[in-house]
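To start, the structure itself, in structure tokens.
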Amino acid sequence: MNEYGIVGAFIVGLMGAAHCVGMCAGIVGALSSQQALPNKPLTGLAQRQSGMPFAKQLALVLNYNLGRISSYTLAGAMVGGFASGLGALFNIDAYLLFLRALAGLMMIATGLYIAQFWAGVMQIEHIGKFIWRWLAPLAQKFIPVETPRQAIAAGLLWGWLPCGLVYSTLTWSVAANSALEGGLIMLAFGLGTLPALLSMGMAATQLSYWVQRKAVRRISGFILILFGIQTLYIALAQYQH
């Protein structure tokens, strides 16, 4: 599960670029402009007109993403460790097999989303809205972001923004049955999202064009579906023994 989970998580992060930009574009734009959340990130001339030196923009964006990915990693370690603790406490073999089967199904569902066959996995974003309702007012207090320390804090909070891709990948961390492996899976996911959120101007346009190409999305989706089928097969084979 570890190898498939880490590779699959990176693919989900990379290929989910359009979704990630849609979720985080406002905060990334605010980091560049030091203004309230805009509708879309500043690029090109707009960045140069914001009055903020490029080095400071880059430092804020990097620190924001450091905080955001740290939240993903922490969440993965927490759910992986929690699953491991329950397994050790109750010593139920079928428990881990169920988690692996669930992770396999979520891999398949995410692969279908990446390949643009079915977007049902996005429905699980509703789960996190209850948590975000409490965190959102606190997260807004860090806008505008003026220092790297504020950027990290903002990233730590905005990392809990409800996201179907994050939640589906978290199920793989649960099935990993380990705090370390669960954290590594979510770290890989976060690193996969970096190119989309660090890119600006023409680079962002080119990246968006590449990940939206039908052939690229279909191939990536099929890879995830195969990972999911393999995970399901292993779970069923262990259950039969």
**Request:** From (1) assigned to a helix (DSSP H, G or I); (2) in contact (Cβ under 8 Å) with a residue 12 or more places away in the chain; (3) not polar (S, T, N, Q), pick out the condition that doesn't hold for Pro162.
**Result:** (1)
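One line per residue, one yes/no per condition, for (1) surrounded by fewer than 22 Cβ atoms within 10 Å (Cβ to Cβ); (2) farther than 20 Å from Tyr72 by Cβ; (3) touching a Ser or Thr at 6+ places or on another chain (Cβ under 9 Å):
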position	(1), (2), (3)
Leu102	yes, no, yes
Tyr113	no, no, yes
Phe117	yes, yes, no
Ile124	yes, no, yes
Pro144	yes, yes, yes
Ala151	no, no, no
Gly159	no, no, yes
Val166	no, no, no
Ser178	yes, no, yes
**Asked** Here are some conditions: (1) in contact with a helix residue (DSSP H, G or I) (Cβ under 7 Å, 6 or more places away or on another chain); (2) not in a helix (DSSP H, G or I). Glu146 meets all but one. Which one does it not meet?
**Response** (1)
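Here are Gly182, Gly155: which of them is under 28 Å from Thr231 (Cα atoms), part of a helix (DSSP H, G or I) and in contact (Cβ under 8 Å) with a residue 60 or more places away in the chain?
Values: Gly155 fails: under 28 Å from Thr231 (Cα atoms).
Exactly one of Gly182, Gly155 is under 28 Å from Thr231 (Cα atoms), part of a helix (DSSP H, G or I) and in contact (Cβ under 8 Å) with a residue 60 or more places away in the chain, namely Gly182.
Taken together, the values in this text are just the output of simple stated rules run on the coordinates, not laboratory data. Please read all numbers here as calculations on a predicted model, not as lab measurements. Positions of Cβ are generated from backbone atoms using ideal geometry, with glycine treated the same way; all protein chains shown enter the neighbour counts.
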